[in-house]
Amino acid sequence: MTSHQGTAELAVLVRAVAEGDQDAFARFYDLTTPRVFGLVVRVLRDRAQAEEVTQEVYLQVWRLADSYDADRGSALAWLLTLAHRRAVDRVRSAQAQSDREAAYESRQTQPAFDSTSEIVQGRLEAGLLQMAVHELSPVQRAAIELAYYQGLTYREVAERLDVPLGTVKTRIRDGLIRLRRELEGGAP
Amino acid sequence: MSGTHEQRDDRGGEDGTVHDLAAAYALDAVDDVERTQFEAHLADCAACRRTVAELSEAVVGLSEGLEEQPPPGMRQRVLTAVAEEAPRTAPQRTAPDDQTSAGAQAPGGELTHLGQRRAARHGRWWLAAAAAAVVAVGSVVATQWGRDEPGSTVAVQEVLEAEDAQRSTETVNGSTVHVVRSMALQRTVLVAEEMPEPPQGQDYQLWFVHDDGTAVSAGLMPKDGDDRTEVVLQGDPAGAVAVGVTLEPEGGSQQPTSEPIVAVPLEG
Ligand SMILES: [Zn+2]
C-alpha cells in the first residue's frame, strides 16, 4: 500500500470514487481500512468509538473524493488526514468536559512533564515505530507523538512540555523533515 | 505575542512567521481557527504548499505499523450506506451559474471543510434542491407566505404539532436536519440532530433559499451544546423553496460566505 504502485492505484481509485464508482470505493476500502482503523484506535483508544469514526471517515471519502488534489499529497495522506481529524474531533469533544474538571487537580498534583516522560523514555507502543520514529531526538518525538497520537495542538503541546511555541513548531518541523528523509531512504 | 493568533504577522518575532505553521498544519496539530487561516495562506504560498505536501508523507509514516483489522460487519454497513447515498452524489447536471469554489484543497474532516469541499457538488445541489422544490410548491408558497406577519412568537412545539405540519429531512455527515413548517401558523422550525459544535469563532447560519438561488438570512442556530437543537426561523420566508445551513463567522453574515452544509427543500 505504501509502495509506489499502491500509491498510484489509490489515487486512481479516489478519482473513480469522485465519479460515483462504488466498486472503486469498495476496493479503496479494502486496501486502506486496516490502516485507518489502526490509526483511529490508536488515537481514541476505544474500539467501539473507533468503529463509528472509521465508518464516518469512509462516508466522508465517498462524499469528498472530488476534493482530493494530487498536487497536495498522496491519496493515503489525504485519507489519513480525514481519519485523524475526525478521531481528534471525537477525542476533544469527549474529553472537553472531563479535562476541564481534571485540569485544576492535575495542575496541582503533577509536574507538567510527567505524562510525556513516559514517551520520552521510550515506552514503545506495540507494533509501532519499527521505523523512522526511532531516528527522532527524544524532544522531537515527544512533540510529534503528543500532537499526533493524543490529538493535542502545538499550543497544547507547548503548554504540556512547558516550552515556547516557537520551540514546539521547530521540533515538529525538524522531526517531520527527519522522518521524511528516513522514509525516502528506506523506501523499497 | 504568545497566546494570540499571530499568523497574519509576517514580520517574525517570538513565534515566527505564518510559514512556520506548515509543519504543525501537516501534522494536524493546529486548532480550527489557525487551520482556516493557514489554508487561506496556502492558497497564496507555493513554498508552504510544497512543504505541506512533503511533510504530509512523513506524517503518513506515523500510522505505519498500527494496522488493525476492523470488525467484519463494518464493510457491509459502509458499502450499504454509500449505495443509499449514491443517487445524490452521482454526477449531476450542472446548474447554469454553477461556479467552482476555490475552497481549501487540503484534506479535512470537519464541517468547515465539508462545507468548502462540497462546493463543487453542493453549489449545484443547493440550486437543484431549490429548483426541484419550486416546481412543486412555488406559487402556493408565495401566496401563503405573502400574508405572513413576521415577529409573532410561536413556540417550536406548536409548529411541530401543527395539524398541517409539513416535514422535510436531509442528512449530512452523520447529522440530521429536519425542517417543519405550518402554513396555518406561518412559521418554520428547524430541528438539527447530532450537529457538531461549530468551530471556534463560527456560527451555523440558516437561510431561506429562493428559486433564483438567492438566500435570505433566517437567523443563527443557537449554540446550546445539545444533541438536538430546535429553532424557529426568523425573517420573511415568502417565496422560499428551501432552507439552507452554512458556517459563517460568529454573529452571522449578510450573505452566505461559504457553500451550504445542507439544504432542505420545502415541499408542498
Ligand atoms: Zn508560506
Exercise: per-residue mean of other protein chain Cβ atoms within 10 Å, A:12-19: 1
Label point 7 Å beyond Cα of residue B:158 along Cβ direction - residues of region B:174-216 with amide nitrogen under 17 Å: B:180-190
Relative contact order of region B:154-246 (C-alpha contacts under 8 Å, at least 6 apart) in percent is 26 percent
Beta carbons within 10 angstrom, averaged per residue: use that to sort the peptides B:23-32, A:62-71, highest first. B:23-32, A:62-71
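Highest first, please rank the peptides A:81-88, A:170-177 by the mean number of other Cβ atoms sitting within 10 Å of their residues.
A:81-88, A:170-177
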Work out the mean other chain Cβ neighbour count within 10 Å for the residues of A:33-41 and drop it here as an integer. 6
Excluding ligands, DNA and RNA, what is the accessible area buried between chains B and A, summed over both sides, using a 1.4 Å probe, to the nearest 100 Å²? 6400 Å²
Roughly how far apart, in whole Å, are the Cα centres of region B:156-195 and region B:34-68? 40 Å
Using a 10 Å cut-off around each Cβ of peptide A:166-179, what is the average number of partner chain Cβ atoms that fall inside? 5
Just order B:74-82, B:249-257, B:198-206 by mean Cβ neighbour count inside 10 Å, highest at the front, would you? B:198-206, B:74-82, B:249-257
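The values are calculated or read from the model by the stated rules, or taken from the named source; none is laboratory data. Bear in mind that the values here come from a model prediction, so they are computed numbers and not experimental data. Virtual Cβ from ideal backbone geometry, glycine too; neighbours counted across all protein chains shown. The accessibility values were calculated without ligands, DNA or RNA, using every heavy atom of the protein model including side chains. Shrake-Rupley method; radii C 1.70, N 1.55, O 1.52, S 1.80 Å.
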